[in-house]
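Remarks on the structure that follows.
The values are calculated or read from the model by the stated rules, or taken from the named source; none is laboratory data. Fair warning: this is a prediction, and the values are worked out from it, not measured in the lab. Because the Cβ atoms are built from the backbone with ideal geometry, glycine has one as well, and the counts that use them run over all protein chains shown.
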Amino acid sequence: MPLNTVSDKAEKPTQPPKDAPQEDVRRTPIPERPNEAAPNGRPKIYLRHWMQIVLFAITVAVGVQFALFVHQVENVRQVTIQRPPGVEGFLPIGALMGWKLFLSTGIWDPIHPAAMVILGFAALICLAFRKSFCSWICPVGTLSEWLWRMGRRTVGRNFQLPKWGDLLLRTAKYTLLGFFVWVIFKMDARGIFGFLQSPYYKMSDVKMLHFFTRMSLLTGGVLVFLTIGSIFIRNFWCRYLCPYGALMGLFAMASPTRIRRNAETCIDCGRCTRDCPYHLPVEKKSSIHSPECSGCLDCIQACPVKGTLTMETAGLRKHGWTAAGLTIAIALTFTASVYTARITGHWQSRISVMEFRYHLKRIDSPQMTHPSVSGKRSAPAQRMPGMGSHPPMRSASKGMAKP
Ligand code: SF4
Ligand code: SF4
């Protein structure tokens, strides 16, 4: 398949027109690769990159804490490590089900409540600042970005699929999202409640851990393929396969925030388009409406004419977002979401260590296979004397027993 290349090499600086007036902004000298390197030759690290580094480190810490917790529950009588709720950020399908249950019955999923909080936060910041969850928060997005930047530095370029191939592959993530939404849409509240109460869902975070710790050859092969793809093609996973990103893109379409270009001061150098991780034609548009725009600000940082590109929110037009402003807004929203959920009891799972241990011992049993999600009620939750199983539903129309 023929591939277009996105070169890492700096293009020749655009010359200002000879008859341009002295004060014309087009006379501004254009530095070489302004978005790439600091004066010491190292890559520039912007605020967004620092936020990505911090959140990636937190994610790794959460993963390690969860692995240690599972190890203790499996092997030690006295468990001293707490189960970190943040691990539920990797359960987006359960979170979607939880939100449907909450919106139709008012019941907040007591099994993996943090999954709902994280999905809600992601949707909120994408509504406010386009698909910013993907470029500011998501650890998978961060890893993808590190891989393509590494590829560009080592190979000297990234590759771009031809337009038809790119469009065809981009439908994959929407197809995946459509499938999950269709399955969840078909389920009634009773079916969702049954699924969320099932031993399978209670242990879905452990199953996810085992995905990495008990990796099959096929899983390993797929991960190697995705890693290689991500080195050569920018945001390979996010651009083509991630249904979470597809959902965030839909929220972003309703966002009042846009990247805007001032055609009066633009010198058509094309650096914004060159540096956009999603290959959006910024240099040709007056504003970017694409659901792919992740609000990463790379185009603004690449633009040599200050003020030509801005990220603006309708109603706040005179105050384009700076990287610092966006960092503070996203960090505050994140902190407020998590602490509100903690204080109000919507963050910690209600599964006790005893119940967790009970299910963990049976993690490989047939009881732990995926329950039916065909709209029929799933197998009822296990009732164990003294182990805090959850109350059954009363009626689908009147709502369910509150957790
Ligand atoms: S570079 Fe600009 S247009 Fe491209 S995704 Fe980032 S913010 Fe959006
Ligand atoms: S908006 Fe894009 S094309 Fe115009 S000056 Fe800035 S980087 Fe160059």
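What are the residues in the range 238-273 that are within 14 Å of ligand 1 (Cβ to nearest atom) and within 22 Å of F179 (Cβ to Cβ), if any?
Result: C238, R239, G245, M248, G249, A252, M253.
Just checking: which of the helices (runs of 4 or more DSSP H) contained wholly in the range 220-321 hold 1 or more residues that are over 20 Å from the mean Cα position of the chain (by Cα) and near ligand 2 (Cβ under 10 Å from one of its atoms)?
271-275, 298-302
Looking only at the range 101-129, count every residue that is in contact with a strand residue (DSSP E or B) (Cβ under 8 Å, 6 or more places away or on another chain), among the hydrophobic types (A, V, I, L, M, F, W, C) and surrounded by fewer than 21 Cβ atoms within 10 Å (Cβ to Cβ) and tell me the total.
Of the residues in the range 101-129, 2 are in contact with a strand residue (DSSP E or B) (Cβ under 8 Å, 6 or more places away or on another chain), among the hydrophobic types (A, V, I, L, M, F, W, C) and surrounded by fewer than 21 Cβ atoms within 10 Å (Cβ to Cβ).
Looking only at the range 279-318, how many residues end up being crowded, with 20+ Cβ neighbours inside 10 Å, near ligand 1 (Cβ under 6 Å from one of its atoms) and of a type outside the set (G, A, S)?
Within the range 279-318, residues that are crowded, with 20+ Cβ neighbours inside 10 Å, near ligand 1 (Cβ under 6 Å from one of its atoms) and of a type outside the set (G, A, S) number 7.
Write out, first by first residue and then by second, each pair whose Cβ atoms fall under 8 Å of each other, whose residues are 6+ apart or on separate chains, and whose first residue, in the range 237-263, is over 12 Å from S132 (Cα atoms) while the second is aromatic (F, W, Y) and assigned to a loop (DSSP other than H, G, I, E, B).
Close Cβ pairs satisfying both conditions: R239/Y278.
Count, please, the residues in the range 227-253 that happen to be more than 30 Å from T154 (Cα to Cα) and out of contact with any Leu (no Cβ under 6 Å at 6 or more places or on another chain).
Going through the range 227-253 one residue at a time, the tally reaches 5.
Considering each residue of the range 340-398, count those that are at pLDDT 85 or above and outside any loop (DSSP other than H, G, I, E, B), and give that number.
Total satisfying the criteria: 13.
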